[in-house]
Every structure is written in structure tokens, then in C-alpha cells.
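Since the structure comes first, as C-alpha cells, the remarks are kept for the end.
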Amino acid sequence: MELFLDCSPARRPQCDNAIKWSEDYAREQLGTNMFFGVRKKAQKIDKIIEALTDYESVRTHERQIRHDEAKKIGLKVILLEDDDKLQDIVLTIHHCFMHTLSNTPAFKIIENHNGAAFVKQQIQVAIPG
């Protein structure tokens with residue numbers, strides 16, 4: 001596979017395993033969630049996995065996929081903008097986190113539905129000169 005030209009032979013098995021694991025994980029999640037109870041789901045899932053892992057079209061992990069493209073490859077998409085109440089809740093939470101991240105030393109926040117939070121903060125140390 002041409003994708004691994006920069007990968008040393010010793011790391012090739014690790015790369016292959018990472019790709020296989022991510023495909024298996026995506027297949028399992030799609031099968032038990034988005035396509036739960038759907039007939040012929042294996043064919044739909046295979047099409048999605050193929051589209052999401054096609055190096056020629058995706059090229060990088062960070063590439064965003066627009067909702068119309070996601071629908072085209074077979075993913076079930078519901079736009080946030082179609083539900084005013086949900087959009088308001090999501091944007092309120094987003095703005096709260098952005099305000100916190102912009103105005104405090106916090107750079108990572110994980111919070112669950114019970115209000116328990118993990119906040120990672122950057123510590124600045126002054127070194128006398």
C-alpha cells in the first residue's frame with residue numbers, strides 16, 4: 001500500500017493494526033447504533049467504511065465531512081439547525097466552555113451529565129532572571 005512510504009518496516013504492523021482496529025470499531029459502532037435493526041446493514045456499513053478510509057478522497061484524519069457528503073455515503077444525519085431548542089442548548093454549552101477556555105488557565109474540560117468534571121490547567125512559572 002502506497003500510504004506507508006514514510007513508515008519504517010518495523011512500524012508497518014502497528015500501522016496496519018491501527019487501521020484494522022479503527023475500521024472494526026467503526027463497523028461495530030455503526031452496527032449497534034446508527035444501523036441497529038436495519039436489514040442489510042453490513043453492505044451499508046461497508047460502503048461507509050470504504051468512503052471514510054479512501055485515502056485519495058480523505059487524505060487526512062482532520063478533514064471535515066460536510067453533512068451532504070455524509071448523507072451521500074450513507075450516514076444518517078440530523079442537522080442541529082433543524083431543532084431550535086437543541087441548537088440553543090448546544091450553543092449555550094459551547095459558549096460557556098469557550099468563555100472558560102479563553103479566560104482561565106484551563107485548556108481541557110471533561111464533564112459528565114452528573115456535573116462531575118475534570119479540568120486540566122496550564123501552570124505558568126516565573127523564572128527569576
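Screening segment 22-60 for residues that are polar (S, T, N, Q) and either surrounded by 14 or more Cβ atoms within 10 Å (Cβ to Cβ) or in contact (Cβ under 8 Å) with a residue 24 or more places away in the chain (or both) and picking the one that is nearest to Ile73 (Cα to Cα) gives Thr53. Just to be sure, is Ile127 outside the structural domain of Lys20 (by TED's automatic domain parsing), touching a strand residue (DSSP E or B) at 6+ places or on another chain (Cβ under 8 Å) and either modelled with pLDDT of 95 or more or aliphatic (A, V, I, L, M) (or both)? No: the conditions fail for Ile127. Filter segment 61-79 down to residues that are among the basic types (Lys, Arg) and exposed (fewer than 10 other Cβ atoms within 10 Å of the Cβ), then give me how many there are. Total satisfying the criteria: 2. Would a scan of segment 103-116 turn up a residue that is out of contact with any Ser or Thr (no Cβ under 6 Å at 6 or more places or on another chain), part of a helix (DSSP H, G or I) and surrounded by 12 or more Cβ atoms within 10 Å (Cβ to Cβ)? No, segment 103-116 contains no residue that is out of contact with any Ser or Thr (no Cβ under 6 Å at 6 or more places or on another chain), part of a helix (DSSP H, G or I) and surrounded by 12 or more Cβ atoms within 10 Å (Cβ to Cβ).
The values are calculated or read from the model by the stated rules, or taken from the named source; none is laboratory data. From a predicted model like this one, the values you see are computed outputs, not experimental measurements. When we count neighbours, we look across all protein chains shown, and the Cβ atoms used for this are built from the backbone with ideal geometry, even at glycine.
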